[in-house]
Amino acid sequence: MNEIKDYFFSPKYECMDRAEREKLQGERLVELVKRVYENVPVYRAKMDAAGLKPEDVHGLEDLKKLPFTTKQDLRNNYPFGMLCDKKEDIVRLHASSGTTGKLTVVGYSQHDLDIWQECICRALAMAGVTQKDTVHVSYGYGLFTGGLGLHDGATKMGCTVVPASSGNTKRQLTLLKDFGADVIACTPSYAIYLATELENNGMKKEDLNLRVGIFGAEPWSDQMREEIERDLGITAFDIYGLSEISGPGVAMECKYKHGSHVQEDFFYPEIIDPVTLEPLPYGETGELVFTTLTKTGQPLIRYRTRDITSLNIDKCPCGRTTVRMNKVLGRDDDMLIIRGVNVFPSQIETAIMNVSGVAPHYMIYVDRVDNLDVMEIQIEVNEQTTADTVGKMEELRKKIASEIQSYLGVSAKIKLVEPNTIPRSEGKAVRVVDKRKI
Ligand code: DLL
C-alpha cells in the first residue's frame, strides 16, 4: 500500500477542542434559526406549529426542540420554496432524482459553494493530495453533485483537474494513462469496473500512476475496498455527502479508515431513532440527521437523510477532533425486510465477498410467492472459477448460500452467472429489484 502523507487543511477547525467547537456550533445554530424563521415560510410555519420562536433557541441544547425537515418538504416546495437567500443570490442549482416523485432541488449561494470547496480541500488533504497532484474526476458532471463538487474543490486546492465525467470507459483509461493522474474520484462500483476493464484494453495497473481513490455516493464494503486497492494499486478512501446538505465532502475518511470525519463546524450531525424520532447517544445505530449551521442559500434544519449509521467521538490517531460517522449500512428506505428480517444490500455484499471465487457484481431479486418472501441473488463467478467442474460450482453455490444464511439469518436462492453478464453501472449501482406488491 502507498504511504499516505496526510495534513490538515484547516487545523483550527478540524482539531478544535470539542467544548470550543460546541460553543461555536451553538452560536451558529442560534443565528441560523433566526435567519430561517425570518426568510423561509415553511420553517416559520413549522416553528409556529411547535410553539417555538427563535428566542427559544439559545444553543445546541435546544436543537432537539426544533422540527425535522424531510425530502417531502423539499418536494412539496419544489423548486424554490425552501430558499433562504433571494433567488438572485443563488449561483448554482443541483438536483437529485429519487426513485419516485419530483426532483429534489438545492440552491447554493456563493458562500455555500465556498464552504463546499473548503470541505473537499479538507477531504483531499486527509488523503494526502496536494496541489502537485492530477485529479481525474469520473463522477458525473451536471445536476448530480459528484462531478462539480470534486472539480471545484480540487481546483481550489490548485490540483490539475481532469473533468472526465462518467462514461466511455476506454477513453477514461486512455486519459488516466496518458495524463498520469495521481488521484481518481468516482463511485466504488465504477472503480471496480475500471479495474476489470484494464486488461480488456490491453493495460495493467502498472501502466497507471494512480495513488489514491476518493470513492462515495453509494454504500460499499471493506471487502470491496480491498479488491479496488489490490486491483488498482491505490489507497481507497470513503467520501460521503448528499445534495441536500452539500454534495460530497460532508464527511471523509482519514488514513486510519475508522469512520469518516464529519465537517461538523458546518454540518451538525445527530442520530435519531427513525420510529420514535428521539435522538440516540453516540455509538448507537439509527438515522443520520444534519443541520447545516452556516449555509445561506437553502439551509436545512434537522434534515432526515434516511441513511443508517452511528457516530463515534473516540479520539482519532490522525489528530482531528471531529466526530466520525461509521460506514453507511444502507438507507432505511432501501432496507429490505425479508420474512421479517431487516436486510441491507451492503450486508449481502459483505457475505458474498467472504467467499472466494466470485466477482463483486451481483443483483438481488426479491419477490413474494404464495405469501412468502423469496430472495434470489445472482452473482458473477470470476474468470478462474468458470473453468471449474459442475461439481465445484455447486460446492461454491452452497458455500455462498450458507454464508448468507449465517450472516443475515435469512435464506436466499443463489444463482451463479458467467463473468460480465450483470449490467455495469457508471454511476450509482442498482443492485436490488423488488418485485413484491405488498
Ligand atoms: O451521492 C453526493 C456524493 C457524490 C457523495 C460523490 C460522495 C461522492 P446524492 O445523489 O444526493 O448525493 O445521494 C446522497 O447517497 O444519502 C447516501 O444514501 C448515499 N451516499 C453518498 N455517499 C455515500 C457513501 C451524493 N460514502 C445519498 N457511502 C446519501 C454510502 C453514500 N452511501
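The values are calculated or read from the model by the stated rules, or taken from the named source; none is laboratory data. Keep in mind that this is a model prediction, so the values were computed, not measured. As a convention, Cβ positions derive from the backbone with ideal geometry for all residues, glycine included, and neighbour counts pool all protein chains shown. Side chains are part of the model used for accessible areas, which takes the heavy atoms of the whole protein and leaves out ligands, DNA and RNA. Shrake-Rupley method; radii C 1.70, N 1.55, O 1.52, S 1.80 Å.
Would you confirm, using the coordinates I've provided, whether S165 is surrounded by fewer than 24 Cβ atoms within 10 Å (Cβ to Cβ), without any contact (Cβ under 8 Å) to a residue 60 or more places away in the chain, among the polar types (S, T, N, Q) and closer than 30 Å to K71 by Cα? If you could, list the steps in order and put the result at the bottom.
Details: surrounded by fewer than 24 Cβ atoms within 10 Å (Cβ to Cβ): yes; without any contact (Cβ under 8 Å) to a residue 60 or more places away in the chain: yes; among the polar types (S, T, N, Q): yes; closer than 30 Å to K71 by Cα: yes.
Yes, satisfied.
Does R320 satisfy the condition of being among the charged types (D, E, K, R), buried (at least 21 other Cβ atoms within 10 Å of the Cβ) and touching a residue at least 40 places away in the same chain (Cβ under 8 Å)? Let's see the steps before the verdict.
Details: among the charged types (D, E, K, R): yes; buried (at least 21 other Cβ atoms within 10 Å of the Cβ): yes; touching a residue at least 40 places away in the same chain (Cβ under 8 Å): yes.
Yes: the conditions hold for R320.
Looking at M1 and the list (1) within 28 Å of the chain's Cα centre (by Cα); (2) of a type outside the set (D, E, K, R); (3) at pLDDT 95 or above, which single condition is not satisfied?
(3)
Any chance the range 331-343 includes a residue that's at pLDDT 90 or above and open to solvent by 50 Å² or more (accessible area, probe 1.4 Å)? If you could, list the steps in order and put the result at the bottom.
Of the residues in the range 331-343, the ones at pLDDT 90 or above are none.
Within the range 331-343, not a single residue is at pLDDT 90 or above and open to solvent by 50 Å² or more (accessible area, probe 1.4 Å).
Yes or no: the range 135-146 includes at least one residue that is in a strand (DSSP E or B) and of a type outside the set (A, V, I, L, M). Walk me through it before giving the result.
Narrowing the range 135-146 to residues in a strand (DSSP E or B): 135-137.
Those left that are additionally of a type outside the set (A, V, I, L, M): 136.
Yes - at least one qualifying residue is present in the range 135-146.
Give the residue, chosen from F179, F144, that is within 11 Å of the ligand (Cβ to nearest atom) and either open to solvent by 10 Å² or more (accessible area, probe 1.4 Å) or over 25 Å from L242 (Cα atoms) (or both). Before the answer, list the steps.
Numbers: F179 fails: within 11 Å of the ligand (Cβ to nearest atom).
Answer to the check: F144.
Which one is surrounded by the most Cβ atoms within 10 Å (Cβ to Cβ), of the residues in the range 301-317 that are free of Cβ contacts under 8 Å to residues at least 40 places away in the same chain and of a type in the set (S, T, Y)?
Once the filter is applied, the top-ranked residue is T309.
Does any residue in the range 144-158 that is within 12 Å of G249 (Cα to Cα) come within less than 6 Å, Cβ to Cβ, of a residue that is more than 13 Å from the ligand (Cβ to nearest atom) and assigned to a helix (DSSP H, G or I) six or more places away or on a different chain, and which pairs are these?
Correct list of pairs: D152/Q117; G153/Q117; G153/C121.
Return the residues of the range 2-26 that are farther than 16 Å from F266 by Cα, open to solvent by less than 60 Å² (accessible area, probe 1.4 Å) and either of a type outside the set (A, V, I, L, M, F, W, C) or without any contact (Cβ under 8 Å) to a residue 24 or more places away in the chain (or both); say none if nothing qualifies. Show your work before the answer.
Taking the range 2-26 and keeping what is farther than 16 Å from F266 by Cα, we get 2-8.
Filter once more, so that each one left must be open to solvent by less than 60 Å² (accessible area, probe 1.4 Å): 2, 4, 6.
Matches in the range 2-26: N2, D6.
So in the range 384-415, with the set limited to residues that are in contact with a Ser or Thr (Cβ under 8 Å, 6 or more places away or on another chain) and in contact (Cβ under 8 Å) with a residue 12 or more places away in the chain, which one is most open to solvent (accessible area, probe 1.4 Å)?
Here the residue is Y407.
Within the range 75-108, which residues are outside any loop (DSSP other than H, G, I, E, B) and open to solvent by 10 Å² or more (accessible area, probe 1.4 Å)? Spell out the reasoning first.
Filtering the range 75-108 for residues outside any loop (DSSP other than H, G, I, E, B) gives 75-76, 87-96, 104-108.
Across the range 75-108, the qualifying residues are R75, N76, K87, E88, D89, I90, V91, R92, L93, A95, S96, V105.
Any residue that is under 20 Å from the mean Cα position of the chain (by Cα), part of a loop (DSSP other than H, G, I, E, B) and either assigned by TED's automatic domain parsing to the domain that holds V91 or small (G, A, S) (or both) - is there at least one of those in the range 173-190? Step through it out loud before you land on a result.
Filtering the range 173-190 for residues under 20 Å from the mean Cα position of the chain (by Cα) gives 183-190.
Adding the requirement that they be part of a loop (DSSP other than H, G, I, E, B) leaves 187.
Next cut, either assigned by TED's automatic domain parsing to the domain that holds V91 or small (G, A, S) (or both) only: 187.
Scanning the range 173-190 turns up at least one residue that is under 20 Å from the mean Cα position of the chain (by Cα), part of a loop (DSSP other than H, G, I, E, B) and either assigned by TED's automatic domain parsing to the domain that holds V91 or small (G, A, S) (or both).
Could you tell me which of the residues E229, E218 is in contact (Cβ under 8 Å) with a residue 12 or more places away in the chain, within 30 Å of Q263 (Cα to Cα) and within 14 Å of the ligand (Cβ to nearest atom)?
On the way: E229 fails: within 14 Å of the ligand (Cβ to nearest atom).
The conditions single out E218.
Go over the candidates K327, K257 one by one and state the one that is within 13 Å of the ligand (Cβ to nearest atom), on the phi < 0 side of the Ramachandran plot and part of a loop (DSSP other than H, G, I, E, B). Walk me through how you get there before you give the answer.
Details: K257 fails: on the phi < 0 side of the Ramachandran plot.
None of the others qualify; the one that does is K327.
Go through the range 240-254 residue by residue and tally those that are open to solvent by 10 Å² or more (accessible area, probe 1.4 Å) and assigned to a strand (DSSP E or B).
Counting residues in the range 240-254 that are open to solvent by 10 Å² or more (accessible area, probe 1.4 Å) and assigned to a strand (DSSP E or B) gives 4.
Return yes when D133 is assigned by TED's automatic domain parsing to the domain that holds D231, open to solvent by less than 20 Å² (accessible area, probe 1.4 Å) and acidic (D, E) and no when it is not. Spell out how you get there, then give the answer.
Working: assigned by TED's automatic domain parsing to the domain that holds D231: yes; open to solvent by less than 20 Å² (accessible area, probe 1.4 Å): yes; acidic (D, E): yes.
So D133 passes the test.
When you scan the range 213-230, do you find a residue that is more than 20 Å from the chain's Cα centre (by Cα) and assigned to a helix (DSSP H, G or I), even just one? Quick ask: steps written out before the conclusion?
Step one: filter the range 213-230 for residues more than 20 Å from the chain's Cα centre (by Cα), giving 230.
In the following step, the residues that additionally are assigned to a helix (DSSP H, G or I) were identified as 230.
Yes.
Restricting to the range 260-284, name every residue that is within 16 Å of the ligand (Cβ to nearest atom), over 22 Å from I214 (Cα atoms), assigned to a loop (DSSP other than H, G, I, E, B) and at pLDDT 95 or above.
none
Quick check: anything in the range 206-215 touching a His at 6+ places or on another chain (Cβ under 9 Å) and within 16 Å of the ligand (Cβ to nearest atom)?
If we filter the range 206-215 for residues that are touching a His at 6+ places or on another chain (Cβ under 9 Å), which is where we start, we get 210.
If we keep only those that are within 16 Å of the ligand (Cβ to nearest atom) too, we end up with none.
No, because not a single residue in the range 206-215 is touching a His at 6+ places or on another chain (Cβ under 9 Å) and within 16 Å of the ligand (Cβ to nearest atom).
Please tell me if I192 is without any contact (Cβ under 8 Å) to a residue 60 or more places away in the chain, under 28 Å from V430 (Cβ atoms) and hydrophobic (A, V, I, L, M, F, W, C).
Numbers: without any contact (Cβ under 8 Å) to a residue 60 or more places away in the chain: no; under 28 Å from V430 (Cβ atoms): yes; hydrophobic (A, V, I, L, M, F, W, C): yes.
No; evaluated as a whole, the condition is false for this residue.
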